[in-house]
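Comments concern the structure below.
The values are calculated or read from the model by the stated rules, or taken from the named source; none is laboratory data. Everything numeric here is computed off the predicted structure, so don't read it as measured data. Note: ideal-geometry Cβ built from the backbone for every residue, glycine included; neighbour counts use all protein chains shown.
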Amino acid sequence: MTVQYGMRTKDAAAVVSLDTTITPIRSLKMMTVTGNGSFDQYISIPEIQAQSFVVVDTLEDRGENTFSPQSWYSPGQLHLRQPQGLTWQVMILSQGGEPFSAPGSYGIRTFNNNVRTQIDSVNRVLSIRYSGKFSLVFGGGNQNIEGDNYYTFPAPITTYERPLIFINADDYMMVGKFRVAGSPGNWTGFRLAQYGSAAHGPSWSQPQRIRWFCASYMPPITPPGAYDASVRDAIGNRTFVTTANLALLNSQPSTSAFANTGNPITGTGYYAPSQQMPWTGSYDDYVLANALFSCTNIIQTTQPIRANFGGFLPGNRSILQMYCDNGSGINPLTANGRTLFASRPMKPL
């Protein structure tokens, strides 16, 4: 058995509530930026550091045409592709490598065989609010949408920023047209559409059995009679509590790791290019849906709204497979610039 060093706490049911051998996802800053109408826009954001990663998301619910821009980032800079004149949410996240962000801040930081755990009075951890399972059932057709569904949260998420939705599947998964319903301060649920192709074998027409969890920066309320350890900021807001189920970072995020490889999906007047990137190999890892599976608006064509869809091929978690819906076969897009990372819950769902 591998020897491990660190600190661990458990609750009354012997469930781990804090573990320094794992890396929680932390929020450094949530901000908004406004597009200037250019094709490529570069925005200076000093808070983006070498240890940071960024999720660019929309704050609007446009129904099935909800979209987010392609985005790339590097230390100190954000690059948006065709942001139009709209306002976009920028979430700067961290694995915990940055120094404490402000004089007078306080907290705890551990390093354990290159695993970082940091809990402080400024940056909030990402905690799981809701979770569930459902099946997307085949409904006819061949290469386009086969079915979709809408899932309502037990109670609205009242943060300004959109909650993050992570999805997984028992095996095969091809989904797209992702959106979160609601508006800032009142996020009520999410919607996901099923895609499929006969090129993926017999699995494509079978129900896709999806698992999901919703995570946000609103710590849960401790039930009466329970106990916990918590950290609060200077005005009393909790930034961490041990009763939370943390969303863990389980792979390095990427916005440029997709390669044009694999077989495209083709048909009469239809072409969806194939892009793939290495995945973790584990069926326990969930993928962030918010930007990856949202649509793209490329504006200047007769088919401006393009659905990004993909997921996992049957029996294969070594790659993440993506396509971009393209009825004309002209101006195919790639999945690069769609922020993603692998996560899993700290505690069983």
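This table checks each residue for (1) at pLDDT below 90; (2) under 23 Å from I305 (Cβ atoms); (3) outside any strand (DSSP E or B); (4) of a type outside the set (S, T, Y).
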| position | (1), (2), (3), (4) |
| --- | --- |
| F138 | yes, no, yes, yes |
| N144 | yes, yes, yes, yes |
| P154 | no, no, no, yes |
| Y160 | yes, no, yes, no |
| N168 | no, no, no, yes |
| M174 | no, yes, no, yes |
| F178 | no, yes, no, yes |
| G182 | no, yes, no, yes |
| R191 | no, yes, no, yes |
Quick one: is A14 under 30 Å from P348 (Cβ atoms) and at pLDDT below 90?
yes
One residue is enough: does the range 189-202 have a residue meeting the conditions hydroxyl-bearing (S, T, Y), in contact with a helix residue (DSSP H, G or I) (Cβ under 7 Å, 6 or more places away or on another chain) and more than 13 Å from D57 (Cβ to Cβ)?
yes
By residue number, the members of the range 167-188 that are under 17 Å from Y130 (Cα atoms) and either without any contact (Cβ under 8 Å) to a residue 24 or more places away in the chain or among the aliphatic types (A, V, I, L, M) (or both) are I167, A169, V180, A181
Of D325, D285, the only residue that is of a type in the set (D, E) and under 19 Å from the mean Cα position of the chain (by Cα) is D285
Looking across the range 254-268 at residues that are outside any strand (DSSP E or B) and out of contact with any Gly (no Cβ under 6 Å at 6 or more places or on another chain), the single one that is farthest from G337 (Cα to Cα) is T268
S251 passes all but one of the listed conditions (1) modelled with pLDDT of 85 or more; (2) assigned to a loop (DSSP other than H, G, I, E, B); (3) closer than 24 Å to P163 by Cα; (4) not basic (K, R); the exception is number (1)
